[in-house]
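The values are calculated or read from the model by the stated rules, or taken from the named source; none is laboratory data. Please read these numbers as outputs of a predicted model, since none were measured by experiment. Note: ideal-geometry Cβ built from the backbone for every residue, glycine included; neighbour counts use all protein chains shown.
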């Protein structure tokens, strides 16, 4: 029954939070079994009456379940682009084997902007690099991209997929010092053996989307500049243009504003995601900043110690709950 499923979902969340003793867990289970047709409010009243959960705990769980329901309705109307099943990644270190990812299960949908949050060392970048075919996972589990498993891809197929359908932007711009601005942006097109004249025209057209009016007024000068002549923000805007120039299906963005001031970082993100939305590209944004995830993403997932801890929508309530979880402090919005 529907209400029974709702009660079981609430029970699972309460257990994950560590709020139930053996005795209160048993009481919770009896209520679910005996009162399968109770409404959500009636279930909440019984949990409160029998002192199984506090009012604050009940409200938190109700909020999380509501958000998950809305999120499920929103994202499942789209086609999935990635389906990750039991993904693992381990490294050998002098201290022994380090498990960077521990059984990740995740579905990512076409056209969504997904935030991947977590502290340093939680496995965020490792997950992104594996999905982007920059590194390989352990030989267990599966990754499906548009219905095709990565395991079946031959080296040339992996290279072609990465070069044609994926775009990358990292915390460091990774521009080639000996190439000028346009030549750096054109690199993904050149990897596809597109004629040079077309490479340059398409690169100029894309880069203009990421230029200020002052730069456009003197675009020939800007196009000819080498990376050493550019500011940090200019370099990152070039990197964003390079990530989009070949119209990829997926943009992998790993802390793309980590080295920028707030205003410049916001400018880079605004332009990048506007371009991505226009092309219905999927964006996977790795960040440690919950506010950035709430501002730009359709939903976000939280990673900790190589595990996927939860899926959240990007509403204010969800963000505040995450901040409280991380800091242990209540945050009031004025």
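Here are the numbers for the structure shown:
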read-out	value
Single match in 61, 11, 65, 71 (criterion: modelled with pLDDT of 85 or more and either touching a helix residue (DSSP H, G or I) at 6+ places or on another chain (Cβ under 7 Å) or assigned to a helix (DSSP H, G or I) (or both))	11
Among the residues listed as 267, 303, the single one being at pLDDT 85 or above and assigned by TED's automatic domain parsing to the domain that holds residue 185	303
Criterion (outside the structural domain of residue 294 (by TED's automatic domain parsing) and at pLDDT below 90) met by exactly one of 92, 85, 102	92
Residue list for region 262-302, filter: assigned to a helix (DSSP H, G or I) and surrounded by fewer than 17 Cβ atoms within 10 Å (Cβ to Cβ)	262, 263, 266, 270, 274, 277, 278, 291, 295
